[in-house]
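Notes follow the structure.
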Amino acid sequence: MKPFDYARASTIDAAIASVASDLGAAFIAGGTELTNWMKAGVSSPSRLLDINTLPLSEIIVREDWLYLGALARMADVAPHPAVQRA
């Protein structure tokens, strides 16, 4: 695995701007696949930006659609009462 920098995102806008300004950067949340790819040499980002603290885990259910935020975990989605009803 190649060396990389690590940072935590403070806001959504700052995260987008940070990664947009560094073509070698990548977002990381759970990271299981990305870290496996890094170990195998498939991916080698110069910087990982952790987005876990950002407010991106919302689950919104309406009559004809379901919205899952980027950080919505399946362990939270599956038992969600509105998801269960739908």
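Output the residues belonging to the range 15-36 that are of a type in the set (A, V, I, L, M, F, W, C), surrounded by 13 or more Cβ atoms within 10 Å (Cβ to Cβ) and either assigned by TED's automatic domain parsing to the domain that holds ALA72 or in a helix (DSSP H, G or I) (or both). Working first, answer last.
The initial filter retains those residues of the range 15-36 that are of a type in the set (A, V, I, L, M, F, W, C), namely 15-17, 19-20, 23, 25-29, 34.
Pick out the ones that are also surrounded by 13 or more Cβ atoms within 10 Å (Cβ to Cβ) and you get 15-16, 19, 25-29, 34.
Listed by number, the residues that qualify are ALA15, ILE16, VAL19, LEU34.
So THR35 clears everything in (1) at pLDDT below 95; (2) within 17 Å of LEU54 (Cβ to Cβ); (3) β-branched (Val, Ile, Thr) except one condition, right? Which one?
(2)
Being exposed (fewer than 14 other Cβ atoms within 10 Å of the Cβ) and in a loop (DSSP other than H, G, I, E, B) is the filter; apply it to the range 70-86 and report the residue that is modelled with the lowest pLDDT.
Only one residue tops the list, namely ALA86.
So for the range 42-58 (the condition being assigned to a helix (DSSP H, G or I) and over 26 Å from VAL77 (Cβ atoms)), does at least one residue qualify?
Initially, the range 42-58 is screened for residues assigned to a helix (DSSP H, G or I), giving none.
No, because not a single residue in the range 42-58 is assigned to a helix (DSSP H, G or I) and over 26 Å from VAL77 (Cβ atoms).
Among the listed residues LYS2, LYS39, identify the single one that is outside any helix (DSSP H, G or I) and not aliphatic (A, V, I, L, M). Step through it out loud before you land on a result.
Values: LYS39 fails: outside any helix (DSSP H, G or I).
Step by step, each of LYS2, LYS39 is checked, and only LYS2 is outside any helix (DSSP H, G or I) and not aliphatic (A, V, I, L, M).
Would you mind finding the one in GLU33, GLU63, GLU58 that is of a type in the set (D, E, K, R) and within 19 Å of PRO3 (Cα to Cα)? Please lay out each step first, then the result.
Working: GLU63 fails: within 19 Å of PRO3 (Cα to Cα); GLU58 fails: within 19 Å of PRO3 (Cα to Cα).
The unique qualifying residue is GLU33.
Would it be correct to say that ARG85 is outside the structural domain of ILE16 (by TED's automatic domain parsing) and within 19 Å of the chain's Cα centre (by Cα)?
Details: outside the structural domain of ILE16 (by TED's automatic domain parsing): yes; within 19 Å of the chain's Cα centre (by Cα): no.
Spelling it out, it is not the case that ARG85 is outside the structural domain of ILE16 (by TED's automatic domain parsing) and within 19 Å of the chain's Cα centre (by Cα).
Does the range 1-9 contain any residue that is in contact with a strand residue (DSSP E or B) (Cβ under 7 Å, 6 or more places away or on another chain), closer than 15 Å to LEU71 by Cβ and not hydroxyl-bearing (Ser, Thr, Tyr)?
Taking the range 1-9 as the starting set, the residues that turn out to be in contact with a strand residue (DSSP E or B) (Cβ under 7 Å, 6 or more places away or on another chain) are 4-9.
Those left that are additionally closer than 15 Å to LEU71 by Cβ: 8-9.
Checking which are not hydroxyl-bearing (Ser, Thr, Tyr) leaves us with 8-9.
So far as the range 1-9 goes, yes, one or more of its residues are in contact with a strand residue (DSSP E or B) (Cβ under 7 Å, 6 or more places away or on another chain), closer than 15 Å to LEU71 by Cβ and not hydroxyl-bearing (Ser, Thr, Tyr).
Kindly indicate the residue of the range 11-25 that is among the hydroxyl-bearing types (Ser, Thr, Tyr) and under 15 Å from the mean Cα position of the chain (by Cα) and also modelled with the highest pLDDT among those meeting that condition.
In the first step, residues of the range 11-25 are kept if they are among the hydroxyl-bearing types (Ser, Thr, Tyr); the result is 11, 18, 21.
When the remaining residues are screened for being under 15 Å from the mean Cα position of the chain (by Cα), the result is 11, 18.
On the way: THR11: 97, SER18: 93.
For the range 11-25, the residue satisfying everything is THR11.
The values are calculated or read from the model by the stated rules, or taken from the named source; none is laboratory data. Note that the structure is a prediction, hence the values are computed from the model and not measured. Heads up, the Cβs are rebuilt from the backbone with ideal geometry, glycines too, and the neighbour counts pull from every protein chain shown.
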